[in-house]
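Heads up: the structure comes next, in structure tokens.
The values are calculated or read from the model by the stated rules, or taken from the named source; none is laboratory data. In this text the structure is predicted, and so the values were computed from the model without any measurement. Cβ: placed from backbone, ideal geometry, glycine included. Neighbour counts: every protein chain shown.
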Amino acid sequence: MIRISIILISVLVFSGCVSKSGVTPASESSDDEYSRVQREMCEKVMCQYNVRVKLKTKDGTTFEQTFDMMPVVQEEGVMVVAGQTVYFEADVENSYLINLKLVSAVTNPDKTVTAKFEQMDDGGMMLSLRNPFDKHLRIKMGIMPLDKEELYATSSCPVIAKGGSFEMWPYPIFQVWLGAPRLLSEGENMGCVE
């Protein structure tokens, strides 16, 4: 299950940067408070800076926003925003991926997971994952559709050992959460589950 703290952080980042009207908060004090909260958050988790998101909406208009900072790698998992490719290294302990670390490129191919999240020409979304490990990888996923301000659990299929997988949705999604990554044991269920 996706931890409530992760949902709150995601909602804080998204709703704090964009109001319902799509305008950045106007008052200097709210900007200062928001910046302070962001800085404190990025001292605890790994963030990316100047993240630009551009998506075609359901009605054919364009959502476009640049965010000063976004949490990406946290203890419990990784957040991937539309238009991003994220590389993160991990160690394995008791089948779980731990010590997740955001990296700018694949320099340790035996321990770097790649997640690419992009919008397709028809407006739908595709997440491609690359698993460097010698066992299949199960990831619990949550998505935040562009027109919502919270994460929703979604089903996902295991990423094959030393291979890749694709997940697709037929509508615009702002971000996807990749949580509780774990390597499957021999003979464990390979079904697509929530």
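For the stretch 142-158, the candidate set comprises residues that are in contact (Cβ under 8 Å) with a residue 40 or more places away in the chain and not hydroxyl-bearing (Ser, Thr, Tyr); within that set, the residue that is nearest to VAL53 (Cα to Cα) is LEU146.
Consider THR62 carefully, then state whether it is over 22 Å from ASP134 (Cα atoms) and of a type in the set (Ser, Thr, Tyr). Criteria met by THR62.
Of the residues MET79, MET41, the single one that is modelled with pLDDT of 85 or more and surrounded by 12 or more Cβ atoms within 10 Å (Cβ to Cβ) is MET79. When we screen LYS111, LYS116 for residues that are farther than 21 Å from LYS54 by Cβ, in contact (Cβ under 8 Å) with a residue 12 or more places away in the chain and among the basic types (Lys, Arg), the only hit is LYS111. You will find that of ALA105, ALA180, the residue that is closer than 19 Å to MET46 by Cβ, surrounded by 15 or more Cβ atoms within 10 Å (Cβ to Cβ) and of a type in the set (A, V, I, L, M, F, W, C) is ALA180 and no other. Taking the stated definitions as given, is VAL72 at pLDDT 85 or above and touching a strand residue (DSSP E or B) at 6+ places or on another chain (Cβ under 8 Å)? Answer is yes for this residue. Among the residues of the stretch 65-103, those identified as more than 27 Å from PRO132 (Cβ to Cβ) and in contact (Cβ under 8 Å) with a residue 24 or more places away in the chain are GLN65, PHE67, ASP68, MET69.
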